[in-house]
Amino acid sequence: MSTSLPAVFHATYAFEDGDVVLVSSDNIQFLVHSVVLREASPVFRDMTTIPGPREAEKQPSDRTIKLDEPAFVMEFLMDAIYPRETFPSVLNYNQAWEIARAADKYDIGRAFTILRSTILHNEELRGQTFRLYKLARRYQWTDIIAFSSKASLDKPLLNLRYMEPEALEHFFELSSEDAEDLLRLHRSRCAEILDFNVNNLTEYFFAEDVVTEDGEPKLAMYWGCGNGCGGTSDEVTDAAFTSFKNGLEKYLDREPAASALFERKAFDELFKELVRISAFKLANCRKCKRPFMNGEKAWEYFQGVASRIPSTVLEIVQPVET
């Protein structure tokens, strides 16, 4: 002998004047209004019909629709459809994905809007950059693609050994295309930042009017300080410049956002440290002590760089619609 469990109605969505019952995959029943469903979703519009004269005496239980989604998904959809003063909650990205798939399946635009807002208002979910980016790419939320790809600049994608384990795990959840687009963003920024030469960092000039012992003109191999004090060996500056650029590249490995290049106080500290480790002090004029490296000129140069480097994926690639 079998017995059936009594109907379990949702605590909120059990309207006395409801005329249709939606049953979730975990057997929670939602007694709601067909007119509201039809207004919110073309799919629900097709699933429900306005009762004709002969159906006027039917009970809501006669109009039961079994759905594939669990109760928490149905609750979120109903919260999106019916007026509410507060956003519904989403505990994690597993829930977010289930809700997004349902919103897409039933074509409920308002559910997508509320889901986006719910995630962005949740500090923990908003902080899971790669999972937010993955969801945004799937459903083409361009503003959130921009937001999350920019947030990825806090992650050292070009040197994964510096990345936190949890963030690394989330990164490997991305599709190869989505991951590659983020890497392209990081690579293009790094390449643009490192595309400078020593002339961008000094007010010294490279003298070109050297004459050899045989009386032949020759490209000068030294840098002049401009005060008539002589010059600095090109070999010294080449070695120091290579070391300076390597030091900056290592900084970018850890800090791809490169915030220290674009905030004056932090820039001065970083520039001073790079000059120190690169031994550019050896290129200073020995007579007048004028420094070879010019912090003000370098600062002005990198402010120009700031306007050229991309900060979001959308600046380098348009995601393919799925």
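The values are calculated or read from the model by the stated rules, or taken from the named source; none is laboratory data. Just so it is clear, the model here is predicted, and its values are computed rather than measured. Every residue, glycine as well, gets a Cβ built from its backbone with ideal geometry; the counts of neighbours run over all protein chains shown.
Scanning segment 138-162 for residues being within 13 Å of the chain's Cα centre (by Cα) and part of a loop (DSSP other than H, G, I, E, B) gives a total of 4. Which one of THR242, THR237 is among the β-branched types (Val, Ile, Thr), over 31 Å from the mean Cα position of the chain (by Cα), assigned to a helix (DSSP H, G or I) and farther than 17 Å from TYR204 by Cα? Checking each option against the conditions leaves just THR242. Inspect segment 289-304 for any residue being assigned to a loop (DSSP other than H, G, I, E, B), free of Cβ contacts under 8 Å to residues at least 40 places away in the same chain and surrounded by 13 or more Cβ atoms within 10 Å (Cβ to Cβ) and give the result as yes or no. Yes - at least one qualifying residue is present in segment 289-304. Contact map, segment 266-280: residues that are over 17 Å from ASN200 (Cβ atoms) paired with residues that are among the β-branched types (Val, Ile, Thr), Cβ distance under 9 Å, separation 6+ or inter-chain. Pairs shown: ALA279/VAL236.
Residues of segment 269-288 that are exposed (fewer than 15 other Cβ atoms within 10 Å of the Cβ) and more than 24 Å from CYS229 (Cβ to Cβ): GLU269, GLU273, ILE277. Every condition in (1) of a type in the set (S, T, N, Q); (2) in contact with a helix residue (DSSP H, G or I) (Cβ under 9 Å, 6 or more places away or on another chain); (3) touching a residue at least 24 places away in the same chain (Cβ under 8 Å) is met by ASN122 except one, and the failing one is (2). I'd like the full set of residues that are at pLDDT 90 or above, in contact with a strand residue (DSSP E or B) (Cβ under 9 Å, 6 or more places away or on another chain) and either among the polar types (S, T, N, Q) or within 15 Å of ILE99 (Cα to Cα) (or both), limited to segment 38-68. The answer is THR64, LEU67.
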